[in-house]
Each structure stands twice: as structure tokens, then as C-alpha cells.
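Here the structure is laid out as C-alpha cells; the discussion comes afterwards.
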């Protein structure tokens, strides 16, 4: 039999944390169903949509429709939920990555394959990095996501904050917003009050991102393309001033040419995460970048095995070492996507819209400005349900990471299985924490169903005729 104190501690930490999201729900029942869905995502053994949540918690089959209704409920205030989750992350993770007093956010896009002909926003998508398991073109949802970098013992996590579907629907033919505008909107949704560095790939190296971030007192750190150009500041002319505005931009410089001057480069022990005994060559230049309209810092880096790249940061006071180190952590959001897709199932929703006009294969954007108001409202309701499901997955993944950081010993004691390699000083993975929660769930529900609101809520809705797995576990 599992130790009662152990079950209470793991699930107690989880329940105490998620309760702080209550203000984002207009009704207590809506909040409890959302918490139940998050719990199911954390302990389920597969990612087959809402049915897997029902199986994982052994709920009565009729409650499947209740869970579906909760994802579509107007009682979930989505933007408020994302902002509260961001505040909770800063409260739970006491060691966020900070540089120059600023937090570090990472952002990127992700494409989730979907073939539903009655799923809004599904469109033909191109994937740049083609491989045997990643075809060049897919039908699916295109999303953008934001995460916060935090220290975890000797490691670093990207804790997800929010993700939204940003392609596939055109609400108005006057809407000129791009994915960059929508990423800035997503950063506004998480409502992070502290200043931060936003680390992203070369797609986000654009003047629109720079102006949007600088307008809020934040900075962009990214990689620029090899064909990018910059300008030296114009030399001030001595003597009598001529007519017209003084020149701002001086000599045009191809950034790739900075790599040719090997003698001007300095050597540096690689600050990139996970690298040891590696020496980099780099060069720093503060130049005028026309998309930003101001002076920015460029760092050209030559890696002995990975080749060269050109990094850019709008903060000219940030050292080259920190710029290289922070961009080297950008891959953490890729790892977060992998866990969200394969373990949590954050994008494994299958909500169809009954009265939707069926999509054709290889369909592009769906234009809705000539549709009826009722049809548009139905589309908005379905997209909101997708976003609530995704946010539930974001919360589930973040809480798994929190338990791994806050109570690693308790997690390993409750793991109840075997791993070939356990690395000392590295917190347990989301898989290990999920397995520990799965092992301790039956004891938690049996022992605390009378006095704990969460345990009682789930226990009262379980299928008592099919409790064999819970009896075996307890």
C-alpha cells in the first residue's frame, strides 16, 4: 500500500498551486471541471483526446459530454487564465533566469497536424525542416507559443505560459495583422509586468517586433539571416551645415563579411548550455539596423563544429557572452513542444463543429467576413474551446515541472517503476512526475475523498462498477 503522507504531499502541492487560478473562472463548478481535466492530462497513459481523461480518472462515461461542455464554457476567462498562470509560474519557480535584472522569455511557432474537415482554422501548412517523420506539407493548426526560462538544479526548463492558433482564419478583409503582430499580442496576453528579453529565431528578426518590444521597455534577442545588412553611423561633417536632414546611415556593411576578418575575432570558452571544452570565436559590432531604425548589437559567432551564425540584440549593453548563452537556451522551447506533444497531449483535441462547411483537402485560409453573425460566433466558440484545451495542457505541463523542481526526492520515491539512467543533479522529467502522480492518485482519492474538495469531486464522479485498477493500486 502506498504511503498516505506521500500521496498527500505530491497531490497536496499540486492542489495548493492550481487553486490560485480560481479567479479566472466565473463559477466554482467550471473551475473544478477544468482542474479535473488538468489532472486527467497529467496522469493519463495516452493522448487520445478527452476520452483518455475519462479513462485515466475512471469517470462515468456520461461525464464525457460534461467535460466537452466545460471546454466550450463561457465561464472560462481565457486571457485572465493566461495572466494568472504567468503570475503563478513566477511564484512557484523561485529561480527564473535573469540577466541584467530582466526575465528571459522564449517564443516559437509549432504546427499540430489535423485532418478534421469540420475543424475551424485547419489549413495546408509548410514545414521548413523536412525529415522522414516530418513531411514538407501537412494539414493542421499553426500556433505560436511563449515560455519562461527557469533554473532547475543544474538544468534549465522552459515553462510554457500560453499558446494560441494564429493562422487559418481571416475575420475581415481589412485585417492586416501578421504573425509578428499576433506574437506581440500573445506577449501582451501573458501580462508579464517585469521587463524581459524575448529570445526567438530568425523569423522574428523584424522591425515590427523590435518596435513592439521596445515600446513596452523590453528587448529582442534573435538570429539574423546571413544576407542581412547593417550600416555604420554616418560621419558628422565639420564646418558649415548644409541644407536638409543630416545623414543617419553611413557605410553599408554586409553582416556576413564580418566573418571574413578572422584576426579581429576574440576567443571565448563556450557559454552554450551543455557544452564543455569548446572554444568559440566571436566579434561584436554595434551598427545601425534599418528595420529597427536604431543602433543594435551584432555578434558573429564561429563554432568549431556547428558552423557560424549572426546574433542580434537590441540591448547594446548586453555582453557577447550573455547573448550567446541566452540564444543557446532557445532550444528549450523545442524540448517543451516535444513533451507537450508526446506526453501531455496539449494539442490532441478533436472538437468538431457540426454546422461548419466541410473543408477541402489542401485548403488555405478560411475567409469569414461574408459569413453570417451566427456562423462566425460558432467559429469563435470552437476556437476558444481549442485554446482552453491547449491552456489546460500548458498548466498541466507547468505543474509537472514545478513538482520536479520543488520535490524531486518525493517524486522519485513515488515513481514506482524503473529507469536505466538517473542523472544526479538533474530534476526528474515530466514523464517521471506523471508516473509518480499516477501511482499515488488512487490512495489520494480513497484517503481524502471525505475532506478534500478535489478528491471528493473526482471520487463522486467515478464509475464505481469499474474500480478494479484503483483497488489494485491501493
Among all residue pairs at least 6 apart or on different chains, which show Cβ distances below 9 Å where the first residue, located in segment 374-385, is assigned by TED's automatic domain parsing to the domain that holds residue 70 and the second is in a helix (DSSP H, G or I)? 384/71; 384/78; 385/68; 385/71
Counting only residues that are in contact with a strand residue (DSSP E or B) (Cβ under 6 Å, 6 or more places away or on another chain) and closer than 21 Å to residue 328 by Cα, segment 214-257 contains a total of 8
Looking at segment 414-444 only, could you name the residues that are farther than 13 Å from residue 12 by Cβ, at pLDDT below 90 and over 24 Å from the mean Cα position of the chain (by Cα)? 415, 416, 417, 418, 419, 420, 421, 422, 423, 424, 425, 442
Number of the exception - residue 221 against (1) within 23 Å of residue 104 (Cα to Cα); (2) touching a residue at least 12 places away in the same chain (Cβ under 8 Å); (3) part of a loop (DSSP other than H, G, I, E, B): (3)
Name the pairs whose Cβ atoms lie under 7 Å apart, with the first residue in segment 249-263 and assigned by TED's automatic domain parsing to the domain that holds residue 302, the second at pLDDT below 90 and assigned to a loop (DSSP other than H, G, I, E, B), and 6 or more positions between them or separate chains? 249/234; 250/234; 250/235; 256/226
Please work out which one of (1) farther than 27 Å from residue 380 by Cβ; (2) in contact with a helix residue (DSSP H, G or I) (Cβ under 6 Å, 6 or more places away or on another chain); (3) assigned to a loop (DSSP other than H, G, I, E, B) is the condition residue 120 fails and give its number. (1)
Exactly one of 61, 79 is over 30 Å from residue 188 (Cα atoms) and surrounded by fewer than 17 Cβ atoms within 10 Å (Cβ to Cβ), and that one is 61
Being under 20 Å from residue 336 (Cβ atoms) and under 22 Å from the mean Cα position of the chain (by Cα) narrows 50, 38 down to just 38
Is it true that residue 194 is modelled with pLDDT of 90 or more and surrounded by 14 or more Cβ atoms within 10 Å (Cβ to Cβ)? no
Please state which one of 13, 21 is crowded, with 18+ Cβ neighbours inside 10 Å, out of contact with any strand residue (DSSP E or B) (no Cβ under 8 Å at 6 or more places or on another chain) and assigned to a helix (DSSP H, G or I). 21
Those residues of segment 153-180 that are surrounded by fewer than 23 Cβ atoms within 10 Å (Cβ to Cβ) and within 17 Å of the chain's Cα centre (by Cα) come to a total of 7
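The values are calculated or read from the model by the stated rules, or taken from the named source; none is laboratory data. Since the model is a prediction, treat every value here as computed from it, not as a measurement. Because the Cβ atoms are built from the backbone with ideal geometry, glycine has one as well, and the counts that use them run over all protein chains shown.
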